[in-house]
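The values are calculated or read from the model by the stated rules, or taken from the named source; none is laboratory data. Just so it is clear, the structure is predicted and the values come from calculations on it, not from any experiment. Cβ coordinates were reconstructed from backbone atoms using ideal geometry, including for glycine residues, and neighbour counts include every protein chain displayed. Calculation scope for accessible area: heavy atoms of the full protein, side chains included, ligands and nucleic acids excluded. Shrake-Rupley method; radii C 1.70, N 1.55, O 1.52, S 1.80 Å.
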Amino acid sequence: MAVAALFFVLAVGTAWLPERRALRWPALALVIVAAAALGWFAEDGLTLLLSGEPISDGERPYMLHTMFVLALLVGVLGEYRWASLRAAALLHEAELNRVRLEGELAAGRLQVLQAQIEPHFLFNSLANVRRLLRTDGGAGHAMLVDLMLYLESALPRMRDDSSTLAREAELIRAFLAVHQVRMGARLQFRIDVPEALGRRVVPPMMLLTLIENALKHGLGPLPEGGSISVAATEANDRLVLEVADTGRGLVAGSGGGTGLANIRARLRAMYGAAAGLSLRHNEPRGIVAQIHLPVHVA
């Protein structure tokens, strides 16, 4: 009974202790003293009830010492357990905050990278329309119509975190149609995106960035132009998006580094090490760029 009374006081008292250590430890000391005192009184009362006589004067100090040591031991062990659980909870909360902050940082980085792409594409397109209007009014007007149709579809999606392969293929066709008006026979293109892969989730505007690089730095400098092929394949839960051109190829100082760096940074922010961008020489001339992604279905 004495031990039960001691544990009861410790359980109730420690449950109401403040969390601040400057207040908690003095309060814990009072709870331990109170528990030891109540245990001693309970033992004294139980002895009197059972034997008809209280604890002798010689045994009282020993009993009080025993109750105090027991209360101190239980109180310290309970405090150690509380501190361990609190440290684990704080560590878990800190980890959750770290993951949340990393997610917010990745999302913010992604928005910055997309914001760098949008004006670059729009300024280049408008410059092409202005140049073509000066040299060929009919072709310039046709290109402007195609550009307006493209922007009506593309602009609402530029800020999206994700798109589908079918949407990106639609935007690519419109984009290449705009440039084909300007380049004429100097540009041929082919898009091979199976309908079965249309619902695969892909980052918005990445394929378009690769195509814009191929046009500006690959085909653009060549008088005869060239061709661009876009393909999508899937195998082993991996989606591969490929843009191949027959342009100048990998030439030092040809530019295009910013667009490729943006793609790599966006892939890291969205997928970590599960995605990537690779480049290789095309045969007989040009570059093959491949984006590797984990498969997600919209």
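So the values come out like this:
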read-out: Residues of the stretch 213-277: accessible area per residue with a 1.4 Å probe, Å²; value: 43 Å²
read-out: Ordering of 227-234, 281-288, 174-181, 204-211 by packing [mean C-beta count within 10 Å, highest first]; value: 204-211, 174-181, 227-234, 281-288
read-out: Between the stretch 165-206 and the stretch 208-283, the alpha-carbon center distance in angstrom; value: 13 Å
read-out: Heavy-atom accessible surface of the stretch 175-298: percent carbon and sulfur, 1.4 Å; value: 54 percent
